Each structure stands twice: as C-alpha cells, then as structure tokens.
Amino acid sequence: MAEYIPSPRDWAREQVEGYERTNGAEGNTLRDTGLPVIIVTHMGNKTGGIRKTPLMRVKDGANYVLVASMGGGPKNPVWVYNLRVRPEVEIRDLSVVQEMRVREVTDAAERERLWKIADATYARFPEYRAKTTRVIPIFVAEPISK
Ligand code: F42
C-alpha cells in the first residue's frame, strides 16, 4: 500500500488535513475568499507516494477542470508530472470522494472554452496567465464509470 507523503507547503498540507478531518465541512475554500476548493489525490511519479493537492473547484458538467496555475509562476507545479504518468486520481469535493481519470487538454478550442469556465470561477486566473510565458497545463477529470 503506497504511503501518504504530505505536501512540504504548510498551507496546502494543513488545508488537506482540515478538509479530510472534517469530511469537507472545513478547509473547503481558498483562505477567506469563500471560493470552493477540491482535494486531488494522486500518485507521485517518482516516489510512488500518495500526494494530496488542494485546487480551485472548477466544474464542467460532471467533470472537474484542474488548472496548473501555480499563481502564474514560471514553473509547472510538480503534480502535473504525476497526472501525466498516472491519470487515475481521486477528487474530494466536500464530503464526496470520486474516482476520476484525468486527461490533459491540448486542443486550443477546448482550452479556450475551459479557460472561460475557469476564469468565471476564479477571477485571478487571467492575471496568472498574464504573469508568465509558461503555457499553463489544464486537465479535465472525468468520472470513471464503473
Ligand atoms: N495550485 C494550482 O496550481 N492551481 C490551483 O487551482 C490551486 C488552488 C489552491 C487552493 C487552495 C490551496 O491551499 C492551494 C491551491 N493551490 C493551487 C496550490 C496547490 O495546492 C499546490 O501547493 C501547488 O500547485 C504546488 O503543487 P506541487 O505539486 O508543485 O507541490 C509542491 C509544493 C510539492 O508538494 N513538492 C513535493 C516536494 O517534496 O517538493 C513533491 C511533490 C510530488 O508530487 N513529487 C512527486 C513524487 O514522485 O512524489 C515527483 C514530482 C516530479 O518532480 O516529477
């Protein structure tokens, strides 16, 4: 059984712990913005460890849109490399945990459509895009039908 390796980033690690401990009743927003957050559980592509990452909750129907914005920083968050290797993830949205499969969105028209949804959910995404020449990876997480 793979072991959970907590994030070295305090605010992310603490958010995951509070979110899971309260079954989504607490820690489910981006600080005091009131904006909803999900927890993505994925597999480390180097360590094989279980990683848990809070991300903005961006819905597209039954799917979630995962935006590797990293605040507009120059480098991708490393969870991108985990998802590229192992697309099976779990997404916790409040008290609901779903097994999902992610796919990276490369089609320009689809990316544009999903950015519109993401920007409407979190108004700082356009600012992050403007801050970097990095092409911010976007993944769509789709429910795994049993
Ligand atoms: N980040 C976003 O990019 N998008 C969001 O929408 C977002 C929302 C959000 C909301 C609340 C909150 O608390 C945080 C939020 N974040 C958001 C930040 C997000 O939770 C992550 O902290 C951030 O995206 C950075 O992700 P990261 O995967 O780069 O995390 C680093 C800090 C990390 O955990 N590094 C570990 C370390 O030891 O340095 C390694 C983690 C890892 O996955 N290692 C892999 C392994 O095998 O275990 C290897 C990865 C590789 O190098 O290939």
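Look at the stretch 17-35: where a residue is without any contact (Cβ under 8 Å) to a residue 24 or more places away in the chain and a partner is open to solvent by 80 Å² or more (accessible area, probe 1.4 Å), sitting 6+ places away or on another chain with Cβ atoms under 6 Å, you get GLY18/GLU26.
Restricting attention to the stretch 16-31, which residues are open to solvent by 30 Å² or more (accessible area, probe 1.4 Å) and part of a helix (DSSP H, G or I)? Correct list: GLU17, GLU20, ARG21, ARG31. Do we find a residue being within 8 Å of the ligand (Cβ to nearest atom), more than 16 Å from the chain's Cα centre (by Cα) and either at pLDDT 95 or above or closer than 20 Å to MET100 by Cβ (or both) anywhere in the stretch 3-12? Among the residues of the stretch 3-12, at least one is within 8 Å of the ligand (Cβ to nearest atom), more than 16 Å from the chain's Cα centre (by Cα) and either at pLDDT 95 or above or closer than 20 Å to MET100 by Cβ (or both), which makes the answer yes.
Screening TYR64 with (1) assigned to a helix (DSSP H, G or I); (2) of a type in the set (Phe, Trp, Tyr); (3) under 24 Å from TYR128 (Cα atoms) gives one miss only, at (1). Mind counting the residues in the stretch 130-141 that are surrounded by fewer than 16 Cβ atoms within 10 Å (Cβ to Cβ) and under 17 Å from the mean Cα position of the chain (by Cα)? Here the count works out to 1.
Scanning the stretch 58-81 for residues that are more than 6 Å from the ligand (Cβ to nearest atom) and polar (S, T, N, Q) yields ASN63, ASN76.
Within the stretch 20-43, the set of residues being of a type in the set (Ser, Thr, Tyr) and more than 9 Å from the ligand (Cβ to nearest atom) comprises THR22, THR33, THR41.
For ASP10, are the conditions met, namely being among the acidic types (Asp, Glu) and open to solvent by less than 70 Å² (accessible area, probe 1.4 Å)? No, not satisfied. Checked across the stretch 73-90, the condition of being of a type in the set (S, T, N, Q), surrounded by 12 or more Cβ atoms within 10 Å (Cβ to Cβ) and part of a strand (DSSP E or B) holds for no residue.
Look at (1) under 12 Å from VAL40 (Cα atoms); (2) of a type outside the set (Val, Ile, Thr); (3) in contact with a Ser or Thr (Cβ under 7 Å, 6 or more places away or on another chain) and you find that TYR128 fails only one, number (1). Scanning the stretch 32-53 for residues that are part of a strand (DSSP E or B) and open to solvent by 30 Å² or more (accessible area, probe 1.4 Å) gives PRO36, MET43, ILE50, ARG51, LYS52.
Figure legend. Inter-residue proximity from the stretch 1-12: first residues part of a loop (DSSP other than H, G, I, E, B), second residues open to solvent by 70 Å² or more (accessible area, probe 1.4 Å) and near the ligand (Cβ under 10 Å from one of its atoms), beta-carbon distance below 7 Å, spacing 6+ or different chains. Indicated pairs: ILE5/THR47.
The values are calculated or read from the model by the stated rules, or taken from the named source; none is laboratory data. Predicted model, so just to flag it, every value in this text is computed and none were measured. Note: ideal-geometry Cβ built from the backbone for every residue, glycine included; neighbour counts use all protein chains shown. Protein only, heavy atoms only, side chains kept; ligands, DNA and RNA dropped before computing areas. Shrake-Rupley method; radii C 1.70, N 1.55, O 1.52, S 1.80 Å.
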